[in-house]
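Every read-out reported here was derived from the displayed coordinates using simple, explicitly stated rules and does not represent laboratory data. Predicted, not measured: the structure shown is a model, and the values here were computed from it. With ideal geometry, Cβ positions are generated from the backbone for all residues, glycine too; neighbour counts draw on all protein chains shown.
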Amino acid sequence: MFWPARAAHLAQEPELSHARALIITTRQTEAQALTGLLDYQDRRAREADAAGVDHHTRRALREAATGDTAHILGVSEQVASGMLTAARTARTTLPVTWKIYLAGIIDTARLRAITTTATTLIRAAHCEAFDAAAAAAAARMTLGELRAWLRRYTATLDPAQYQADCDRARADRWV
């Protein structure tokens, strides 16, 4: 069973070891549920394509599938959409991160932080290095530490792009 380095000394405690096993099982179950919900959304999209419906109807059917997902998860459609988008992004473009998510090593909050950052990367060449580094960092850091690390890491990947993003964000601020 995976233990972050900072908590590895606690593995010898039977109650804590049992709790850690339950946490990992819960994360794996959540990952399996999200995978199933992605499969549902994909199936609904394929059915709409096969029926030959127009773009607006396909979009409405996709939104309905997201609504169904929100009902199942007990969250708003916006939260469900964010979870599905993060899962789909990881599954399609971040294989290392997706693998450790399925294994229960990281939770959904860390997955979302990584995928949100990944969508800001301009160059595809950065994605592979980012995926491996972010997955390793997420496994050993708290969510807050991970978010700070993601900001620093993306700045080192493409300093010019990071500076442009900062300048754009600064220009968009107003009081």
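The modelled label-to-label distance for the pair THR92/ALA160, using points 7 Å beyond Cα in the direction of Cβ, is 2.8 nm. With volume of the Cα convex hull per residue in Å³ as the read-out, I listed (1) 191; (2) 134; (3) 164; which label goes with the value calculated from this structure? Only one option fits the structure, namely (3). With θ set to phi - 60° and the Karplus curve 6.51 cos²θ - 1.76 cosθ + 1.60, what are the ³J(HN,Hα) couplings of the range 79-93 in order, to the nearest whole Hz, using x for Gly and Pro? Those phi angles translate into 5, 4, 4, x, 5, 5, 5, 4, 5, 5, 4, 5, 5, 8, 10 Hz.
Distance between the pseudo-spin-label points of MET1 and SER17 (7 Å out from Cα toward the beta carbon): 0.8 nm.
Taking the charge dipole of the chain about its Cα centre, with +1 at Lys and Arg Cβ atoms and -1 at Asp and Glu Cβ atoms, the residue from THR115, GLY67, ALA50 reaching farthest to the positive side is THR115.
Grab the beta carbon distance between ARG62 and ALA109, set R0 = 30 Å, and tell me the FRET efficiency rounded to 0.05. Show your work: numbers first, answer last.
Values: r = 25 Å, r/R0 = 0.82.
Efficiency computed from Cβ-Cβ geometry: 0.75.
Here the simple spin-label model places points 7 Å from the Cα toward Cβ, and for GLN32 and ALA45 these points are separated by 2.4 nm. Taken about its Cα centre, the chain carries a charge dipole of roughly 320 debye when the Cβ of each Lys and Arg holds +1 and the Cβ of each Asp and Glu holds -1.
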